[in-house]
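Okay, so here's the structure we're looking at.
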Amino acid sequence: MKTRARIVPILIFFLLAASLAQAAFKLPAPEKLTLKNGLVVYFLKNAEVPLISFRLNLKGAGSAQEPGELEGIANLTADQIMKGPAAMGAEAVSEALDFMGARIGLSASEEYAGLSVDCLAEHFPKVLDIASACLTSPAFKDDEFEKARKIRLDGLKSIKDNPGAAVRTYFTKAYFGTHPLGHLASGSEASLAKMTAADVRAYYQKYYGSKGAIGALVGNIEKDKALELLNAAFGGWKGAANVPIGTMPPIPAPKGMKLILIDKPDATQAYWVMGAPGYALGDKLTAPATVMNTLFGGRFTSWMSTELRIKRGLTYNTSSNFQTYRRGGLFTASSYTRNEKIGEMLEIVFDLLKKVGTEGFSAEEIESSRNYIQGQFPPTLETNASKAGTYVRLAFYNLGFDYYDKYLAAIQAVTQASAKDSAAKLIPTTDFVLVVVGKAAEIKAQLQKFGTWTEKKISDPGF
């Protein structure tokens with residue numbers, strides 16, 4: 001009884017903390033700065049720490065925009081841009097940033113490329129100059145290109161040595177096929193073989209420019225000074241005159257079960273990923289689906305974790321999540337186990353998939369999930385970097401800077417019925433893609449009861 005007496009106040013404390021965190025949270029609205037060339041940068045001063053974070057998103061420069069035959073060029077272009085301008089070079093850029101304890105990064109996601117700058121406020125002018133020089137006048141040296149291409153080719157081989165990485169790559173290709181979202185950031189053996197440094201330069205000229213950019217700056221700096229530095233760094237940048245943005249096709253929706261087995265003869269464990277259509281960024285399903293998924297596979301005490309890890313010890317890790325894009329989204333669930341247990345694991349997962357859409361969750365579970373999300377979410381937007389990244393993302397997708405205020409209010413309003421309804425719409429039971437990577441000789445017989453499988457060898461070219 002004494003133990004229980006101690007637990008109750010602790011639970012009350014955490015529930016109260018979650019409630020207070022939600023009530024106190026409000027993403028500050030940034031000010032809008034417009035540079036001489038029309039580039040918009042959203043600004044928020046934060047004098048609490050001597051740090052500055054700057055983010056810049058470039059529309060059209062993401063992997064979904066690249067030509068299929070040049071798969072991987074978006075990420076490779078971003079990599080080459082960060083090798084520095086002709087006057088500085090990759091080594092000099094790296095040494096300068098190390099000396100100042102600063103970070104500059106540029107990478108291509110599916111729908112955009114993103115520049116990130118993080119440093120002490122005192123070093124911001126110099127660090128911003130370096131970022132500007134890299135982005136607006138990259139050298140694109142042939143020898144750097146060849147190094148990067150070799151690294152990527154070696155990386156493709158190493159993916160197949162790691163079943164955890166391999167299963168996600170095979171799943172991406174199995175689910176999306178030739179759809180633009182199926183482009184691998186690493187590229188393919190075929191695309192890297194034909195790609196040239198000239199292709200990278202042409203891609204940069206086509207997609208990198210101020211007309212396709214939107215930025216955010218958060219940190220310990222006055223607005224007037226920030227505008228002065230940003231104009232000096234990017235105010236004269238033109239780049240691509242009219243960044244071409246294509247319309248992404250609808251995200252594929254599988255009909256029936258697409259089951260693929262990748263034979264990796266030396267595997268001692270079997271890894272799997274299952275996927276089905278999700279919802280678009282900003283969809284009204286966001287809140288109930290988030291509450292539902294938190295309970296299904298989104299936290300340590302989820303249904304999947306409880307059944308597969310805690311009760312049966314079949315795995316150390318299991319999860320489910322939603323990934324959202326402008327025109328749609330994707331639900332995935334994944335885990336791994338010993339070869340001899342893969343049949344048992346998948347059978348449990350299929351039972352859970354059916355249960356969540358038919359039975360739903362208890363009122364206590366729904367309340368627990370709401371409190372968990374409301375307690376966990378606000379701290380994710382505390383730093384300068386997280387705020388700057390959030391501002392550019394919200395602006396890029398035209399969601400409004402009050403989006404997360406509304407999101408947390410919507411989380412609070414989720415009911416048993418709305419969570420169950422989202423599960424019925426989004427959790428797959430018959431239409432999905434399932435990829436398993438493992439030793440076929442040991443797992444094939446266990447998988448046959450689930451349907452007809454297409455078998456591939458991991459040693460075969462490509463994914």
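The values are calculated or read from the model by the stated rules, or taken from the named source; none is laboratory data. On a predicted model such as this, the values are computed, not experimentally measured, just so you know. As a convention, Cβ positions derive from the backbone with ideal geometry for all residues, glycine included, and neighbour counts pool all protein chains shown.
One table, with the values for the structure above:
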{"quantity": "Qualifying residue in segment 149-165 (condition: of a type in the set (Gly, Ala, Ser), crowded, with 19+ Cβ neighbours inside 10 Å and not in a loop (DSSP other than H, G, I, E, B))", "calculated": "no"}
{"quantity": "Single residue of Leu281, Leu261 found to be over 30 Å from Ile52 (Cα atoms), in the same structural domain as Glu382 (by TED's automatic domain parsing) and not basic (Lys, Arg)", "calculated": "Leu261"}
{"quantity": "Every residue from segment 349-387 that is under 30 Å from Ala121 (Cβ atoms) and part of a helix (DSSP H, G or I)", "calculated": "Gln376, Pro378, Pro379, Thr380, Leu381, Asn384, Ala385, Ser386, Lys387"}
{"quantity": "Candidate set from segment 391-407 (those that are in a helix (DSSP H, G or I) and closer than 13 Å to Ile214 by Cβ); member that is nearest to the chain's Cα centre (by Cα)", "calculated": "Arg393"}
{"quantity": "Selection count, segment 423-443, where residues are over 27 Å from Gln323 (Cα atoms) and surrounded by fewer than 16 Cβ atoms within 10 Å (Cβ to Cβ)", "calculated": "1"}
{"quantity": "Failed criterion for Gly236 (all others in (1) touching a helix residue (DSSP H, G or I) at 6+ places or on another chain (Cβ under 6 Å); (2) modelled with pLDDT under 95; (3) surrounded by fewer than 18 Cβ atoms within 10 Å (Cβ to Cβ) hold)", "calculated": "(1)"}
{"quantity": "Criterion (surrounded by 22 or more Cβ atoms within 10 Å (Cβ to Cβ), closer than 18 Å to Ser422 by Cα, at pLDDT 95 or above and among the aliphatic types (A, V, I, L, M)) met by exactly one of Leu295, Leu308", "calculated": "Leu295"}
{"quantity": "Qualifying residue in segment 102-109 (condition: assigned to a loop (DSSP other than H, G, I, E, B) and in contact with a Cys (Cβ under 7 Å, 6 or more places away or on another chain))", "calculated": "yes"}
{"quantity": "Elements of type strands (runs of 3 or more DSSP E) in segment 1-89, at least 3 residues being closer than 18 Å to Ile104 by Cβ, modelled with pLDDT of 90 or more and not acidic (Asp, Glu)", "calculated": "51-59"}
{"quantity": "Sole residue being within 30 Å of Cys119 (Cβ to Cβ) and loosely packed, with under 15 Cβ neighbours inside 10 Å, chosen from Asn398, Asn384, Asn317", "calculated": "Asn398"}
{"quantity": "All helices (runs of 4 or more DSSP H) inside segment 181-259 with 3 or more residues being under 30 Å from Val273 (Cβ atoms)", "calculated": "189-194"}
{"quantity": "Ser132 vs. criteria under 26 Å from the mean Cα position of the chain (by Cα), outside any helix (DSSP H, G or I), polar (S, T, N, Q) and surrounded by 15 or more Cβ atoms within 10 Å (Cβ to Cβ)", "calculated": "no"}
{"quantity": "Evaluation of Leu106 against (1) touching a Ser or Thr at 6+ places or on another chain (Cβ under 8 Å); (2) more than 18 Å from Ile214 (Cα to Cα) (one fails), failing number", "calculated": "(2)"}
{"quantity": "Tyr336 being among the aromatic types (Phe, Trp, Tyr), under 18 Å from the mean Cα position of the chain (by Cα) and assigned by TED's automatic domain parsing to the domain that holds Ala424", "calculated": "no"}
{"quantity": "Lone qualifier among Leu308, Leu295 - being in contact (Cβ under 8 Å) with a residue 60 or more places away in the chain, farther than 29 Å from Arg149 by Cβ and part of a helix (DSSP H, G or I)", "calculated": "Leu295"}
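Residues are listed down the side, and each one gets a yes or a no for (1) touching a strand residue (DSSP E or B) at 6+ places or on another chain (Cβ under 9 Å); (2) more than 19 Å from Lys425 (Cβ to Cβ):
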site: Asp263; (1), (2): yes, yes
site: Ala270; (1), (2): yes, yes
site: Met292; (1), (2): no, no
site: Thr306; (1), (2): no, yes
site: Thr318; (1), (2): yes, yes
site: Thr337; (1), (2): yes, yes
site: Lys355; (1), (2): no, no
site: Ser362; (1), (2): no, yes
